[in-house]
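Contents: one structure, followed by commentary.
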Amino acid sequence: MTDEPPLSDEPVDTPPRQPASQAPYAEEATGGRASDRPRSTDPLELGFTPRKPVPWLAPFLLISTGLRTLLAMLFGAYLDKRELQEALDAEVAKQVGPDGGLWLDYVADLGDGFNATYSVAYLLAQRELEVDGHRLPRAQTLVMGGDQVYPSADYEAYEDRCKGPYQAALPDAPPERPTIFAVPGNHDWYDGLTAFLRLFVRTRDRHFGGWRTGQSRSYFAAELPAGWWLLGLDDQSGSYVDDPQLTYFDAVAKRLGPQSRVILAVPGPQWVKAADQPKAYDSIDYFIRTIIAPTGAQVRLLISGDLHHYARYTGPDGRQLVTSGSGGAYLYPTHKLPERIEVPPRDTLARRSSPSWTYELAGRYPDATRSRRYGWGIFARLPRRNPGFSTLLGILQTLLMLSIAGVTDFRSEASEQRLFSVPLVMMVLVTVLAAALFAKPPSSGGKRHARHWVLGVGHGLAHVGLAAAGTWAWLALPFYDWPWPLPAVAAAVVYLPVIGLVASQLVAGYLLIASAFGVNVNELFAGQGIEDAKGFVRLRIDPEGTLTLYPIVVDRVACDWRINPDDSPDSSWLTPATPLTPRLAEPPITCT
């Protein structure tokens, strides 16, 4: 099994895509893409270009993502389209299956590399899954829990990384006519929700492959069987819940009562993040305390994505706190999860809050041992997944080496070479400062502690030491004595690739050590781009009102795809050459 998809990531000469509002995906259409099954895996046949996993440590991507995050933080309030959504219909959906119950799927963090994203979409779209002895039919409702696309929310990325794979998994509406709802995550917010609203909040051609879009705003409410309700919040990447949204849910709350039970889908697991950032949970607590609690209704399940794994906390009140962010994005570790959390945290700065309960970590996937073992894969995966990052390290190390060599060599004939070198002091300062800034908390709002600065500066000094060792080795070789500019050419051709690989291993070692202190944990796994260990949660509400959660996972995603010989309208276009083997991350969980 290979790590890269067999389909090309290079641009191809494809016909221009139609905007979503004009695409012929209507269910009644007979000549649209949904009824024209591809004859090969060529992007021209599929109608989209399958993409490789995002190389998260690629230099230009790091810069662009950092700028987008900064702009979202600085100008998010000015780009906020939620106030404008008050002009849209305030719809409340109703979801019920033919037997009076309902099957519902929850998936999040999905729009990354094709192999992982489509493996999950393929499982979601199958008519039935047999998992550990349980026969689980296809769900009538699908909830996407945030970050439907990576790395940024432009329309082409949505087409190639999200809608295209899901269209291929379920090309046409099956008899149960399933509905899709979506919660926007921070990556969906990078363009101010423009592409998200265009894709999921539509008044015409309300189709997403074989699913029908069911919401009229970036947030939603759906009445489910037996007194259950599904509420999806949009808190603008953890900032706040806007007034029109609160007004919408105030109207929904009038239909709730003491017998009502609520599934609350939120963009991030703030109950986990509050362990380091006490105010992270404030907006969720405010919503529950002011909108839901006065009705007497009970929130029985809080579910989110954002962290790319499966985890479940349970408390004495019976509420389940579930993270299910394994829809396609790189794996995030589970071995650093706190075993016990207080929700809401007692040290929150909020003047009012709900009573605190202690929740215990009851389930996770992958398990802690496997998660630690994945961390050691950084040495092999970092240079392979991020060749641009290794190249950048090679350039910096080569400049450092030439600077040190220029200072240590006092021969008169070396003066010409020193004129073309970068001042050593400047290079050392840039290296140490860059490494110190790289040692950051898990979230942009997290506080830097002494350990961040100590580890960051130590990492920078280690690179300076590597450059000194490289200079000693370089001066022992004959290249430096060649006539100028041949030494610079030799350094670029010979020294740079070698030192770039060595420096990448130094970074890998740093990430492994720093993660033990809770620093750069995200980068340790983002740099690896692990596609395996993916999944989603399938929920069942029976007609009597019992809610059962089935956390479905697949240890290895498929990397080789074939055209499906079954040409029925709702069968997947592509099937895995080696069948996927889904299983349960833990036994089914029952809520009443």
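The values are calculated or read from the model by the stated rules, or taken from the named source; none is laboratory data. What you see is a predicted model; the values in this text were computed from it and never measured. Methodologically, a virtual Cβ is constructed for each residue, glycine included, from the backbone with ideal geometry; neighbour enumeration extends over all protein chains shown. Surface accessibility is based on the protein's heavy atoms, side chains included, excluding ligands, DNA and RNA. Shrake-Rupley method; radii C 1.70, N 1.55, O 1.52, S 1.80 Å.
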Taking a cut-off of 26 Å between Cα atoms, list the lysines near Lys254, but don't count ones fewer than 8 places away on the same chain. Lys81, Lys94
The range 156-214: Rg/Rh from Cα coordinates, Kirkwood Rh? 0.97
Taking R0 as 60 Å, what FRET efficiency do you get between Arg127 and Ala275 from their Cβ-Cβ distance, rounded to the nearest 0.05? 0.90
Can you tell me the FRET efficiency between Lys94 and Phe517 if r is taken as the Cβ-Cβ distance and R0 is 41 Å, rounded to the nearest 0.05? 0.25
Accessible area of the range 151-310 divided out per residue, in Å², using a probe of 1.4 angstrom: 29
Environment charge of Ala274, counting only residues whose C-beta is closer than 11 Å and scoring Lys/Arg +1, Asp/Glu -1: -2
What spacing in nm lies between the two simple spin-label points modelled at Leu246 and Val457, each 7 Å away from Cα in the Cβ direction? 4.5
Please find the FRET efficiency linking Val489 to Arg202, where r is the Cβ-Cβ separation and R0 is fixed at 60 Å, and quote it to the nearest 0.05. 0.60
Just how far, in whole angstrom, is the range 96-124 from the range 359-402 if you go by their alpha carbon centroids? 29
Long-range amide H partners of Tyr219, meaning residues 5 or more apart or on another chain whose placed amide H is closer than 5 Å, are none
The range 140-158 versus the range 441-506: alpha-carbon centroid distance in Å: 38
Burial-style ranking of 429-439, 546-556, average other-beta-carbon count within 10 Å with highest first, yields 546-556, 429-439
